[in-house]
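Comments concern the structure below.
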Amino acid sequence: MLVIVVENAPPRLRGRLAVWLLEVRAGDYIGAYGRRVREKIWGDVCAYIESGNAVIAWSAPNDAGFHFDTCGENRRVPIDFDGFRLVQFGPEVALPVEPSSPAQLPRRRGRGE
């Protein structure tokens, strides 16, 4: 079993995935392929994802029963924890802070005010 979920994917990538896999919901694709075809499909996803993100999960003979990987701009990053694959949340992207002028800063009151 093979599952690929894409977010904010360009239409050409979604069309390419629809050739190989069944789109059961917008951005959710499933199929049953071997390692070679899975790696080819995932290579195409990573090459064409642009500003979107994707996750792939497939059946594997391990304790969890599956394996997964991610690509694109995503806060969730797969990590290996003593041979078990987990998800780590990366830092949020910080928005640039514009310096405030002194007139916009709140005034601090002293004890006498």
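Rule-based calculations on the coordinates, nothing more; no lab input. Note that the structure is predicted; figures quoted are calculated from it, not measured. Here the Cβ is made from the backbone with ideal geometry for all residues, glycine too, and neighbour counts use every protein chain on show.
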Would you point out the residue of segment 39-91, among those that are in a strand (DSSP E or B) and β-branched (Val, Ile, Thr), that is surrounded by the most Cβ atoms within 10 Å (Cβ to Cβ)? Ile56
Go through segment 23-34 and give me each residue that's of a type in the set (D, E, K, R) and either closer than 14 Å to Asp69 by Cα or touching a Leu at 6+ places or on another chain (Cβ under 9 Å) (or both). Glu23
